[in-house]
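Engineer: Please see the structure below; I have some questions.
Readers should treat all values here as calculations from the given coordinates under stated rules, not as data from a laboratory. All of these numbers come straight from a predicted model, not from anything done at the bench. Because the Cβ atoms are built from the backbone with ideal geometry, glycine has one as well, and the counts that use them run over all protein chains shown.
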Amino acid sequence: MTTLFAPSIRTEIKALLGLATPLISAQIVQAATGFVDTVMMGHLGRETLAAGGLASFTFQVFLNTLAGVVMGVSPLVAAGFGAGQKHALSRSRNRDCCLRSDWLSSRWWGSATWML
């Protein structure tokens, strides 16, 4: 079986690296930022380092939970769009906005009580 276009391995690797390089760079920079933050907090003391670790963990739990819930809206929107059901789209969008606003308001009120 012959093909009209058969790219070489070298062409494929070049295209892959062109797409992957920014993602790899972003991951390295983010990991380096976390490392530098940890080193700087370590210089301030054990309690500061423990508080920073606890804050980071708590933030990640909230962030990942919210991201998982919000990602569940994408299939609902896609299904409604594919079926041509505009009412399903608006309902899904409203749920998404409510979830985000509930989370943001809880973050705001939570931070306000900590400030008192």
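Engineer: Can you work out the FRET efficiency for the pair N64 and M40, with r the C-beta to C-beta distance and R0 = 35 Å, to the nearest 0.05? Before the final figure, lay out each step's value.
Structural biologist: Working: r = 25 Å, r/R0 = 0.70.
Between N64 and M40 the formula returns 0.90.
Engineer: Something else now. Starting from the Cα gyration tensor of the range 1-89, multiply each eigenvalue by 5, take the square root, and state the resulting semi-axes largest first in whole Å. Show your work: numbers first, answer last.
Structural biologist: Details: eigenvalues 320, 174, 10 Å².
Over the Cα atoms of the range 1-89, the ellipsoid semi-axes are 40, 30, 7 Å.
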